[in-house]
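Participant: Take a look at this one; I'll ask things after.
Quick note: the coordinates plus some simple rules give every number you see, no bench work behind them. Being a predicted model, the structure only gives us computed values, none of them experimental. Every residue, glycine as well, gets a Cβ built from its backbone with ideal geometry; the counts of neighbours run over all protein chains shown.
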Amino acid sequence: MKKCVVALLLAVFTGFCVAVSLCVNVLSSQTVFAGDNVFKIVVDAGHGGIDGGVSGVNTGVKESDLNLEIALKLCERLQSFGFETALTRKTKEGLYDTTAKGFKKRDMAKRKEIIEEESPALLLSVHQNYYPSSSQRGGQIFYLKGDDADEKLAACLQTRLNALYEKEGVKARKYMPAEYFILSCAPCPAALIECGFLSSPKDEKLLCSEAFLDRLVSSVCDGVTDYLFSQA
Ligand SMILES: [Zn+2]
């Protein structure tokens, strides 16, 4: 990363601290507090183990692997912004005990248990999209239907993802309501991030690029700080 970009990020982060201190306390330049607790964000890497999710149309890359790679990068970037982070899934394995019938239900129950234990201030669930037509492209945010805070978070994240993909010639997408179980697990604002379409060879190529993933996690972090600014 170029030094000027780092300086800019630090400047943005300092401004962010000042603004957010109206609703959360910032006790150092490196740590963001919500009340007496460090502002914790749980990052959920969707799928895992025998549940690979969708696959890349050209490379066959598994959604579950990509989700984990992005979730790890996202945690690292959020930590550099002063947030505490926790993961639901830390390895390529799923969160079920055995692959016997009902493993998906047990996997989701374990995610819920982890989220409740961590008691985060924000939840971000990472996924990849797939559509029968390869023409569909871009990132898309889903939020829990009827939840105002989730919708505001979704709007902030979608704006940043649209800006990211606009540079790749992709037209803006709209964030959408949904009734996903993972979103209903969160005792806090939550968003499900579809990072791109693995059914699109062009999105797939981007998502297999380290440089694009770095830009993607930056966009998500910016969306998170935009949301917190809007609440200050
Ligand atoms: Zn998925």
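Participant: Which residues, taken from region 29-47, are touching a Phe, Trp or Tyr at 6+ places or on another chain (Cβ under 9 Å), of a type outside the set (Lys, Arg) and not in a loop (DSSP other than H, G, I, E, B)?
Facilitator: THR31, PHE33, VAL38, ILE41
Participant: Return the residues of region 60-86 that are within 22 Å of ASN37 (Cα to Cα), surrounded by 20 or more Cβ atoms within 10 Å (Cβ to Cβ) and either among the polar types (S, T, N, Q) or within 16 Å of the ligand (Cβ to nearest atom) (or both); say none if nothing qualifies.
Facilitator: LEU74, THR85
Participant: Let me ask something else. Which of (1) charged (D, E, K, R); (2) free of Cβ contacts under 8 Å to residues at least 60 places away in the same chain; (3) more than 20 Å from ALA121 (Cβ to Cβ) does GLU84 not meet, given it meets every other one?
Facilitator: Going through the list (1) charged (D, E, K, R); (2) free of Cβ contacts under 8 Å to residues at least 60 places away in the same chain; (3) more than 20 Å from ALA121 (Cβ to Cβ), GLU84 breaks only (3).
Participant: State all residues of region 52-88 that are closer than 24 Å to THR225 by Cα and assigned to a loop (DSSP other than H, G, I, E, B); if no residue qualifies, say none.
Facilitator: PHE81, GLY82, PHE83, THR88
Participant: Now a separate question. Checking ILE50 against (1) within 16 Å of the ligand (Cβ to nearest atom); (2) buried (at least 20 other Cβ atoms within 10 Å of the Cβ), only one condition comes out false. Which one?
Facilitator: Here ILE50 clears every test but (2).
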